[in-house]
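Right, one structure below, let's go through it.
The values are calculated or read from the model by the stated rules, or taken from the named source; none is laboratory data. Computed from a predicted model, the values in this text were never measured in an experiment. Cβ placement follows ideal geometry from the backbone for every residue including glycine, while neighbour counts extend to all protein chains displayed.
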Amino acid sequence: MIVWFIIGIGSSTLLYEFVKPSYTYAEAKAIVEQRYDTEVIDSHFTTITQVESGKEVYRMNAIKDSKEIELVFNPYTKQIIFLK
């Protein structure tokens, strides 16, 4: 019984290593702020599921040139999409 438990935990950990995002939310926030000279103003961690891939992406609000903008950062591909 314990052997199956250990195998299950090991398998879950190994699987996560293959499907985890390449970038954390903090890393994504820093990339957006640096690349677009913006200030991300989110006060909470926000993810949404991308319809095409079924994977989660990070939704952020930011300030650029005194205007609030919304964007999505794909932590698997580093793609940034501006929503408004």
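Values for this structure:
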| quantity | calculated |
| --- | --- |
| Subset tally (residues that are of a type in the set (Phe, Trp, Tyr) and within 15 Å of residue 35 (Cα to Cα)) for region 49-76 | 1 |
| Residue in region 62-84 that is closer than 12 Å to residue 21 by Cβ, touching a residue at least 40 places away in the same chain (Cβ under 8 Å) and among the basic types (Lys, Arg) present | yes |
| Cross-chain or 6+ apart pairs with Cβ under 9 Å, region 40-60 first and closer than 14 Å to residue 30 by Cα, then of a type in the set (A, V, I, L, M, F, W, C) and modelled with pLDDT under 75 | 58/45 |
| Count - residues of region 48-61 that are farther than 11 Å from residue 21 by Cα, aliphatic (A, V, I, L, M) and part of a strand (DSSP E or B) | 2 |
| Restricting region 52-66 to residues that are farther than 15 Å from residue 77 by Cβ and not acidic (Asp, Glu), the residue that is surrounded by the fewest Cβ atoms within 10 Å (Cβ to Cβ) | 66 |
| Some residue of region 6-19 being at pLDDT 85 or above and either in a helix (DSSP H, G or I) or under 11 Å from the mean Cα position of the chain (by Cα) (or both) | no |
